1. With the contact rule set at Cα under 8 Å and sequence spacing of 6 or more, what percent relative contact order holds for segment 3-132?
2. Run the numbers on segment 134-183 and let me know its relative contact order in percent, using alpha-carbon pairs under 8 Å that are six or more apart.
3. Answer rounded, prolate or oblate for segment 108-183, using the Cα gyration tensor with square roots of eigenvalues a ≥ b ≥ c: rounded when a/c is under 1.5, else prolate when a/b is larger than b/c, else oblate.
4. Could you size up the charge dipole of segment 134-183 around its Cα centre, putting +1 on the beta carbon of Lys and Arg and -1 on that of Asp and Glu, and report it in debye to the nearest 20?
5. Once you charge only the Cβ atoms, +1 for Lys and Arg and -1 for Asp and Glu, what is the size of the charge dipole of the chain about its Cα centre, to the nearest 20 debye?
6. Rounded, prolate or oblate: pick one for segment 3-132, where a ≥ b ≥ c are the square roots of the eigenvalues of its C-alpha gyration tensor, a/c under 1.5 means rounded, and failing that, prolate if a/b is larger than b/c, else oblate.
7. Tell me which of Val41, Pro166, Phe51 sits at the most positive position along the dipole axis of the chain, charges placed on C-beta atoms (Lys, Arg +1; Asp, Glu -1).
8. Taking Cα pairs under 8 Å and at least six residues apart, what relative contact order does segment 85-183 come out at, in percent?
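All of the numbers you see were taken from the coordinates with simple rules; none came from a lab. Note that the structure is predicted; figures quoted are calculated from it, not measured. Don't worry about glycine lacking a Cβ; one is built from the backbone with ideal geometry, like all the others, and counts go over all protein chains shown.
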Amino acid sequence: MGSGESHRRIAAEFTRTVEGTPPEAWGDPAPPEGWVARDVVRHLVEWFPAFLQGSTGITLPVGPSVDDDPVGAWRTQTDAVQALLDDPATAEREHDLANIGRMPLGQAIDMIYTTDVFLHRWDLARATGQDETLDPDRCAELLEAMAPMDEALRRSGHYGPRVAVPDDADAQTRLLAFIGRTP
């Protein structure tokens, strides 16, 4: 599956979770310590545009404030990212990206951003009482890809300490525990 299709599918699942969040639940605690549901969306709509601007010079359109309209903020960003991926001239253009090397933009988006959207959907679903099920094949693929980078990922500060789970736990449980979540 190409980066555009991967983002389309994963972002659609996140969008359903965002749209399914009752207005009163945006302030409910979310799994990253100290976050609320709104902060899950805030994280995605703040870090990625800054990364993209700094690494490629591409500026994404700015949507409404996450504080005023988390659904609108998310929709603006996800539509803009999908437009980048749907344009071969943009998606296939290579860039030198800090900490990850030279690669086509579409590949970079899939590797760092779409993966973040995938993982944070669980956080938002957990915070707002929605279906927390993640694609088991994607969970297994991510865990296999991330496991060899365990030490570097921990040093980055983006992941908490591993949580112990039974050896026979399913792929989603093992992946969430690997990134420091308590499934």
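1. With pairs under 8 Å counted, the relative contact order is 36 percent.
2. 42 percent
3. Taking the square roots of the gyration eigenvalues as a ≥ b ≥ c, segment 108-183 is rounded.
4. For segment 134-183, the charge dipole is close to 360 debye.
5. Here the size comes out at about 300 debye.
6. prolate
7. Farthest towards the positive end: Phe51.
8. The normalised contact order for segment 85-183 reaches 17 percent.
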